[in-house]
């Protein structure tokens, strides 16, 4: 595909996966700490200085737990489900552009691991595969609470996928309005490049600052929260009604894998929100730095944006109560879907009117 | 490069498996899945032809087939759910009267 | 590399299809069919149709099969093939007809016109999103619009079919 040797690509992939896994571990700590502060508690502070080794302690604890398999469970599906949940959460990182190209030992390494011409479709395909892990876990456990959690997750994800898919169409069309040949692009690298520059010298040309992009941004945030089943849409694991939801029967590393998949998906969604609406690694004037320093600054910029979204998600979790199930469906189909359809139509009209063919 | 004939042969094998599935199985859901398999194998042949002719028309036909399959599955599963509500069965042999 | 990928994927696809037809549990069948769809998607990538490959995964594996699983779980119909066969000779007859069909298709594929493949260089760009969209919105615009109406009809039909009669009766009384 690109002019990279196979070895460079393999090392790059391993580094990327490892970075994602480490950031997941510290995201759990961040969530517990921030949540504690928002609720006037202290949070974990025993393991290591100020509690910074807590993720390590959690990992050791989960690894040494007994792995319990319910006797009536479907053995194969019960084992496959956590794997099916985790793999999409990791491979999705391949298409997020984390910065401009880096040059190491004469090898040109694009920080966007894969610049595909179907990048956005890849993203949609992988997220739509992610439903299976949770749904099958719920079915295979042969437990009514797990089953309810699994059925809920399938219904919820199908319902919110529509608004989700429509909201990501808006950046595609906006890319078309800024491209030379009039074609939009599904390539996330092209999308980031289309958001370069500023208006009036200080407003960055990010898609969130266009009228329809602004609406689509919030639609994306709501639908993405529902897709990763975070609060206030975490009905698949509502403790008060469903015990542990789909994960009731899971223990040890299998449980840890579900936990990991959820948080990694959250990081990936934050990365996509930053890439499609907030200009990715671009920031006015900082994006003009050339060479390896530019790559480093770009990476820091997108990391800061991802951090912002993660904090937002934790903040929402601490602030909003869980939505009732029928209201969730109502909101998805009767509010979110019409609004996102209207946004797509409005964007199309604006793009055509401002770019006469 | 793999020849188009190899792809067409693979598509034929998948299609036959789908046909046998419809003929042999009595569970409506599995029969329905076999129909999907047949549609899918036809798509594979279309895309192979599209590459052989170096034109994208075959791929567009596949795109249409996928859209029609989505519509067909939605209606088919709705029928299945309403049959199940009336008869409490998914065995095709139990659904042999014209009256619901 | 390409030959290796093709052979592996083809074996996985055929094996998954067979397992789909043979397994007694409907949920396992659905899982094997998902595996089949994913391996066919890989074949699409090999055939230079990346757009269709991604659409295949999104629509078939991601939406249609979720719907199947959802219905199987909702009806609790994973093991519904119990009870005696009503028509005893059905299974052998189906198998014989299947083998006959395979022989027939194989014969046609063997004796029929040998396809002359276009040179690789011509076929590199046929699957790109821009190529497909350009053709889809010019030559094939009418079928595209018809499909959208078809999908709308399917949505309405589904709602009508699964609507419970009780609700309608209550509405008539009030």
message: I'd like to check which helices (runs of 4 or more DSSP H) are fully inside the stretch A:166-275 and have at least 2 residues that are in contact with a helix residue (DSSP H, G or I) (Cβ under 7 Å, 6 or more places away or on another chain) and over 29 Å from residue A:330 (Cβ atoms).
response: A:188-193
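Taking residue A:13 as the residue in question, decide whether it is at pLDDT below 85 and buried (at least 17 other Cβ atoms within 10 Å of the Cβ).
Details: at pLDDT below 85: yes; buried (at least 17 other Cβ atoms within 10 Å of the Cβ): no.
When the stated conditions are applied, residue A:13 does not pass them.
Before we move on, is residue B:44 without any contact (Cβ under 8 Å) to a residue 40 or more places away in the chain and either closer than 18 Å to residue C:40 by Cα or buried (at least 22 other Cβ atoms within 10 Å of the Cβ) (or both)?
yes
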message: Against the conditions (1) more than 14 Å from residue A:263 (Cβ to Cβ); (2) touching a helix residue (DSSP H, G or I) at 6+ places or on another chain (Cβ under 9 Å); (3) at pLDDT below 85, where does residue A:55 fall short? Just the number, please.
response: (1)
- request: Those residues that are within 11 Å of chain C (Cβ to nearest Cβ) and within 22 Å of residue A:128 (Cβ to Cβ), I need them from the stretch A:160-190; list them, please.
  value: A:161, A:162, A:165, A:172, A:184, A:185, A:186, A:187
message: So for the stretch B:7-14 (the condition being touching a helix residue (DSSP H, G or I) at 6+ places or on another chain (Cβ under 8 Å), under 27 Å from residue C:103 (Cα atoms) and more than 8 Å from chain C (Cβ to nearest Cβ)), does at least one residue qualify?
response: yes
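Conditions tested, residue by residue: (1) touching a helix residue (DSSP H, G or I) at 6+ places or on another chain (Cβ under 7 Å); (2) buried (at least 23 other Cβ atoms within 10 Å of the Cβ); (3) modelled with pLDDT under 85.
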| site | (1), (2), (3) |
| --- | --- |
| B:30 | yes, yes, no |
| B:70 | yes, no, no |
| B:74 | yes, no, no |
| B:88 | no, no, yes |
| B:92 | yes, no, yes |
| B:96 | no, no, yes |
| B:99 | no, no, yes |
query: Counting only residues that are in contact with a helix residue (DSSP H, G or I) (Cβ under 7 Å, 6 or more places away or on another chain) and not in a helix (DSSP H, G or I), which one in the stretch A:19-46 is surrounded by the most Cβ atoms within 10 Å (Cβ to Cβ)?
result: A:44
field: Single unsatisfied condition, residue B:22 versus (1) touching a residue at least 40 places away in the same chain (Cβ under 8 Å); (2) more than 7 Å from every other protein chain (Cβ to nearest Cβ)
entry: (1)
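Does any residue of the stretch A:128-140 turn out to be more than 16 Å from residue A:261 (Cα to Cα) and either touching a residue at least 12 places away in the same chain (Cβ under 8 Å) or buried (at least 24 other Cβ atoms within 10 Å of the Cβ) (or both)? Give the steps one after another, and end with the answer.
Here is the first cut: in the stretch A:128-140, the ones more than 16 Å from residue A:261 (Cα to Cα) are A:139-140.
With either touching a residue at least 12 places away in the same chain (Cβ under 8 Å) or buried (at least 24 other Cβ atoms within 10 Å of the Cβ) (or both) added as a condition, the list becomes A:139-140.
Yes: the stretch A:128-140 contains one or more residues that are more than 16 Å from residue A:261 (Cα to Cα) and either touching a residue at least 12 places away in the same chain (Cβ under 8 Å) or buried (at least 24 other Cβ atoms within 10 Å of the Cβ) (or both).
To keep it simple, each residue is scored yes or no on (1) over 18 Å from residue C:24 (Cα atoms); (2) in contact with a helix residue (DSSP H, G or I) (Cβ under 8 Å, 6 or more places away or on another chain); (3) modelled with pLDDT of 80 or more; (4) within 8 Å of chain B (Cβ to nearest Cβ).
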{"site": "C:87", "(1), (2), (3), (4)": "yes, yes, no, yes"}
{"site": "C:97", "(1), (2), (3), (4)": "yes, yes, yes, yes"}
{"site": "C:101", "(1), (2), (3), (4)": "yes, yes, yes, yes"}
{"site": "C:104", "(1), (2), (3), (4)": "yes, no, yes, no"}
{"site": "C:108", "(1), (2), (3), (4)": "yes, no, no, no"}
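Given the criterion touching a residue at least 60 places away in the same chain (Cβ under 8 Å) and more than 7 Å from chain C (Cβ to nearest Cβ), identify the matching residue among B:92, B:83, B:29.
Values: B:83 fails: touching a residue at least 60 places away in the same chain (Cβ under 8 Å); B:29 fails: more than 7 Å from chain C (Cβ to nearest Cβ).
Of the residues listed, the single one that is touching a residue at least 60 places away in the same chain (Cβ under 8 Å) and more than 7 Å from chain C (Cβ to nearest Cβ) is B:92.
Condition test on residue A:94, is it buried (at least 24 other Cβ atoms within 10 Å of the Cβ), part of a helix (DSSP H, G or I) and in contact (Cβ under 8 Å) with a residue 24 or more places away in the chain?
no
The values are calculated or read from the model by the stated rules, or taken from the named source; none is laboratory data. Small disclaimer: the values here were computed from a predicted structure and weren't measured. Every residue, glycine among them, receives a Cβ derived from its backbone with ideal geometry; neighbour counts consider all protein chains shown.
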